[in-house]
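Derivation of every value follows stated rules applied to the coordinates shown; laboratory data play no part. Since the structure is predicted, the reported quantities are computational estimates derived from the model, not experimental observations. Heads up, the Cβs are rebuilt from the backbone with ideal geometry, glycines too, and the neighbour counts pull from every protein chain shown.
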Amino acid sequence: MLELGRLEDLPEDFRTAMTEQNLVPLWPSLRSVLPPGKPSQRTQPTCWPYQGLRKLLLRAGTLTPIEKAERRVLVLANPGHGLEKMQASSSIYLGMQLLLPGEWAPAHRHTPNAVRMVVEGEGAYTTVDGEKCPMSRGDLILTPTGLWHEHGHDGDQPVVWLDVLDLPIVYYLETSYVTEGKPQAVTSQDAGRAYQRGGVAPAPMFKRSAQAFPMLRYPWSEVRAALLTLAESEPGIEAVQVAYINPETGADCQKILGFSALMLRPGERLHMAARSSAMVFHQIEGGAEIAIEGHRFLMDQADTCCIPGYVPVTLLNRQADRPSFIFIADDAPLQKKLGVYEIRN
């Protein structure tokens with residue numbers, strides 16, 4: 001490939017004149033923004049074991065009251081981006097959030113889209129746009145852009161969940177902000193249950209819902225059952241995997257990030273082709289090994305890891321006698337809209 005000119009090759013007076021007019025030459029930096037064949041990547045393969053994280057999160061609960069935190073979260077930061085950037089990947093933010101019995105995280109709404117993957121505990125709930133969504137382990141709860149949401153806890157044990165947001169993208173676009181609000185009046189209780197039978201959707205008096213997000217809570221009990229049914233009904237299927245979708249449109253449940261659940265059959269080894277999107281893996285049940293070239297993560301329940309794009313991934317269920325269940329997040333929906341999504345075999 002042609003060797004391009006360097007900045008230091010240019011006369012100092014020319015460089016000074018450019019700087020004074022807020023100009024920079026492209027050619028010395030062209031290869032860094034348009035590298036040949038494969039993007040430059042800052043996202044590093046990173047794993048956050050839950051047991052060590054949990055100890056620090058529970059200690060944070062004793063050190064900082066909810067009134068001083070608003071949201072008591074430890075951010076899962078990727079060292080490749082710099083811990084201060086609070087990014088798991090170029091487009092994904094991850095945070096492990098703690099709510100203690102009797103606490104209430106006040107209502108607000110913000111421009112980034114968020115989902116909550118419940119990690120442990122019972123008795124908490126998230127109210128989204130007036131809909132009260134109970135939180136149980138493995139449940140996925142949406143808090144889409146612009147919708148009021150708050151968290152409360154009526155139980156007697158700590159509740160922890162994984163926050164997944166498209167914050168890095170929204171922040172980069174200079175469109176990230178929050179609006180504080182008052183406690184919401186509950187107008188419905190887990191209304192999305194009406195969509196939890198595949199192939200049918202509510203149509204009262206022949207009218208379909210026009211809500212942008214008709215289903216806010218995806219119970220793990222239903223998702224797990226769907227995975228087991230898929231494995232039983234299609235034993236030869238390449239991957240036992242389901243997507244979290246908008247049940248009215250069939251599209252991804254949110255517009256920027258995509259979410260799915262994967263079941264590895266006992267002892268199964270699954271090879272995933274290199275995709276342009278980075279991926280987050282969160283172990284819901286069981287154990288797995290996640291490997292890319294030069295890195296291998298042994299995942300136990302509630303562990304989380306991030307894998308950069310453009311690398312093939314191998315998943316192995318380390319258990320020979322029971323399935324392993326994994327939650328996956330990526331930015332494939334955004335990449336597809338931009339026309340840059342690709343799979344490399």
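Spin-label point model (7 Å from Cα, Cβ direction): what's the Glu20 to Val186 distance in nm?
About 6.8 nm separates the two model spin labels.
Please give the calculated 222 nm ellipticity per residue for the chain, where each DSSP H segment of at least 4 residues contributes -39500 (n - 2.57) and the sum is spread over every residue; nearest 500 deg cm²/dmol?
Values: 7 runs with 58 residues, N = 345.
After summing the helix terms and dividing by residue count, I get -4500 deg cm²/dmol.
Would you please put 3-13, 35-45, 306-316 in order of how densely packed they are, using the mean number of other Cβ atoms within 10 angstrom per residue and starting with the highest?
Details: 3-13: 9.8, 35-45: 13.0, 306-316: 20.1.
The packing order, highest mean first, is 306-316, 35-45, 3-13.
Working out 0.36 nm times the residue gap between Val33 and Ala107, then minus their Cα-Cα distance, what length gain in nm do you get to one decimal? Before the final figure, lay out the partial values.
On the way: separation 74, 0.36 × 74 = 26.64 nm, distance 4.04 nm.
Computed gain between Val33 and Ala107 is 22.6 nm.
Given springs between every Cα pair under 10 Å in a Gaussian network model of the chain, which of Ser233, Ser176, Ser277 has the largest fluctuation?
Ser233
How high is the relative contact order of the chain? Use alpha-carbon pairs under 8 Å, at least six apart in sequence, and give a whole percent. Intermediate values should be presented prior to the final figure.
Values: 746 pairs, mean separation 51.4, N = 345.
Here the relative contact order equals 15 percent.
Across the stretch 41-46, in residue order, what do the Karplus-derived ³J(HN,Hα) couplings come to in whole Hz, using 6.51 cos²θ - 1.76 cosθ + 1.60 with θ = phi - 60° and x for Gly and Pro?
Listing the rounded values in order: 10, 9, 5, 9, x, 9 Hz.
Using 32 Å as the Cα-Cα cut-off, could you pick out the over-long pairs in Lys132/Lys255; Lys55/Lys337; Lys55/Lys336; Lys182/Lys337?
Working: Lys132/Lys255 23 Å; Lys55/Lys337 40 Å; Lys55/Lys336 39 Å; Lys182/Lys337 35 Å.
Among Lys132/Lys255; Lys55/Lys337; Lys55/Lys336; Lys182/Lys337, the Cα-Cα distance tops 32 Å for Lys55/Lys337; Lys55/Lys336; Lys182/Lys337.
Which values of log₁₀ I(q)/I(0), to two decimal places, follow from the Debye formula for the stretch 60-123 at q = 0.15, 0.16, 0.21 Å⁻¹ with a uniform point scatterer at every Cα?
-0.58, -0.65, -1.04
Contour minus end-to-end for Ala243 and Thr314, with contour as 0.36 nm per residue of separation and end-to-end as the Cα-Cα distance? All intermediate terms of the calculation are to be shown ahead of the outcome.
Values: separation 71, 0.36 × 71 = 25.56 nm, distance 1.95 nm.
Length gained, Ala243 through Thr314: 23.6 nm.
What is the spin-label model distance, in nm, from Ser136 to Arg322 if the labels are put 7 Å beyond Cα along the C-beta direction?
1.7 nm
Label the chain by shape, choosing from rounded, prolate and oblate, from the square roots a ≥ b ≥ c of the eigenvalues of the Cα gyration tensor; if a/c is under 1.5 it is rounded, and otherwise prolate applies when a/b is larger than b/c, oblate when it is not.
Working: a/c = 1.66, a/b = 1.37, b/c = 1.21.
Here the chain falls in the prolate category.
Springs between alpha-carbon pairs under 10 angstrom, Gaussian network model over the chain: which of Leu100, Leu57, Leu228 fluctuates most?
Judging by the Gaussian network model, the answer is Leu228.
Can you list residues whose amide H is under 5 Å from Gly138's amide H, if they're 5+ apart or on another chain and H is modeled 1.01 Å from N?
Val118, Val119
Name the shape class, rounded, prolate or oblate, that the alpha-carbon gyration tensor gives for the stretch 142-183, where a ≥ b ≥ c are the square roots of its eigenvalues, rounded holds for a/c under 1.5, and otherwise prolate holds if a/b is larger than b/c and oblate otherwise.
Numbers: a/c = 3.36, a/b = 1.74, b/c = 1.93.
Judged from the Cα gyration tensor, the stretch 142-183 comes out oblate (a/c at least 1.5, b/c at or above a/b).
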